[in-house]
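In what follows, a structure is listed as structure tokens, so that the remarks can point back to it.
The values are calculated or read from the model by the stated rules, or taken from the named source; none is laboratory data. Nothing here was measured: the structure is a model prediction, and the numbers come from that model. Heads up, the Cβs are rebuilt from the backbone with ideal geometry, glycines too, and the neighbour counts pull from every protein chain shown.
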Ligand code: HEM
């Protein structure tokens, strides 16, 4: 049966038949290490809602994976996403407050200007890589602005982010692990000067996430390690995921010309279209939870202490939840997909991500309505994160 560490041939290109088989034949799919993959929508929904039985704390899993005390262990076990209360709630409150509607509204004009500048820069090019020239360039600016990272220092952020999140893959080479550890160390020392400077020159805590995190630190909210590791997390969380949202949407609209035509004809569809792309090609394909007690599911007993791999990509195409689940329907409503997970850990950046998707995809189509993908598209080749490393295209 399906193994996360021995993937079927062609899995990255087309995981959907495998996901379907999982949903239908093995809704609890055991792995050699005692963990299990869940793939049905209703099961993921239940898991996300029940934070007593299914916890996010990963110390028991990351200890053996990275080794206690390593930079990757320290980072991933201190970020809010891999913690439960009280740390989770404390950090989340600060972040949710910083991404308030006023802060997001203030960001929108800058985002439009950035997108238009990137679109201008592409004009006249015969072929462009949509990831490098566009989808990858947007989130780094947005998140960089959110934390007030000086523009000329942003260059290494993308590689660090890819290495640190890449280390969450089920199977790692020693090189990937070493790169992940080194990236956490470099990222921390990079943040040191920025944090010290912001302590001396605080920004507006209404809109400046870093100032907000620092001030909660002063009030005894976050320890020094929690402050650093959660800054790294927010920089990473909003980065590759949003790049993949934009890249995957442009690839989907290349493959579905009728859908593209209807979007060009009815631009307001972009709002539901972004969610439909998120559902069909979710940037995060897998999440995890740990059971705190025995759980009965589909005639199986899942023992306490089991690491569960939640297959978002499969749940988002579950026919029990979505009509014609493999079809791109830009006006799909309701569309309660799990691309942003659910429950207490629902993505903090979902409104920002949707805004980035709406502006980036909408304005791209307006400017280059006849774009077509060229040869040489390359997927990132990862299990947890779905997106392109390269997406060459002709613009007209
Ligand atoms: C399309 C883009 C994005 C996708 C698909 C996405 C997806 C997700 C998912 C699935 C989770 C839940 C993980 C879990 O508990 O298992 C999550 C959590 C999170 N995301 Fe996003 N995300 C995106 C963009 C962003 C952005 C732009 C930001 C910040 C600016 C962000 C910040 C966070 C944070 C802070 C959490 C942790 C929430 C918690 O543990 O309470 N994300 N995201």
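Going through segment 327-355 one residue at a time, which ones are farther than 12 Å from residue 278 by Cβ and near the ligand (Cβ under 10 Å from one of its atoms)? Those that are farther than 12 Å from residue 278 by Cβ and near the ligand (Cβ under 10 Å from one of its atoms): 342, 343, 344, 345, 346, 348, 349, 351, 352, 355. Here is a list of conditions, (1) more than 13 Å from the ligand (Cβ to nearest atom); (2) in contact with a helix residue (DSSP H, G or I) (Cβ under 9 Å, 6 or more places away or on another chain); (3) within 19 Å of residue 313 (Cβ to Cβ), and residue 262 meets all of them except one; can you say which number that is? Among (1) more than 13 Å from the ligand (Cβ to nearest atom); (2) in contact with a helix residue (DSSP H, G or I) (Cβ under 9 Å, 6 or more places away or on another chain); (3) within 19 Å of residue 313 (Cβ to Cβ), the lone unmet condition for residue 262 is (3).
Whenever a residue of segment 120-135 is closer than 14 Å to residue 364 by Cβ, its partners that are part of a loop (DSSP other than H, G, I, E, B) and at pLDDT 95 or above, lying with C-beta atoms within less than 6 angstrom and at least six residues away or across chains, give the pairs 130/391; 131/391.
Within segment 309-321, the set of residues being away from the ligand (no atom under 16 Å from the Cβ) and either touching a helix residue (DSSP H, G or I) at 6+ places or on another chain (Cβ under 7 Å) or assigned to a helix (DSSP H, G or I) (or both) comprises 318, 320, 321. Residue 344 passes every criterion in (1) within 20 Å of residue 54 (Cα to Cα); (2) in a loop (DSSP other than H, G, I, E, B) apart from (2). Return only the number of the condition from (1) surrounded by 18 or more Cβ atoms within 10 Å (Cβ to Cβ); (2) over 16 Å from residue 169 (Cα atoms); (3) within 13 Å of the ligand (Cβ to nearest atom) that residue 82 does not satisfy. Of everything listed in (1) surrounded by 18 or more Cβ atoms within 10 Å (Cβ to Cβ); (2) over 16 Å from residue 169 (Cα atoms); (3) within 13 Å of the ligand (Cβ to nearest atom), residue 82 misses just condition (2). Just the residues that are out of contact with any strand residue (DSSP E or B) (no Cβ under 9 Å at 6 or more places or on another chain) and surrounded by 19 or more Cβ atoms within 10 Å (Cβ to Cβ), please, taken from segment 366-388. 382, the sole residue that qualifies.
You will find that of 168, 245, the residue that is within 15 Å of the ligand (Cβ to nearest atom), at pLDDT 90 or above, outside any helix (DSSP H, G or I) and touching a helix residue (DSSP H, G or I) at 6+ places or on another chain (Cβ under 8 Å) is 168 and no other.
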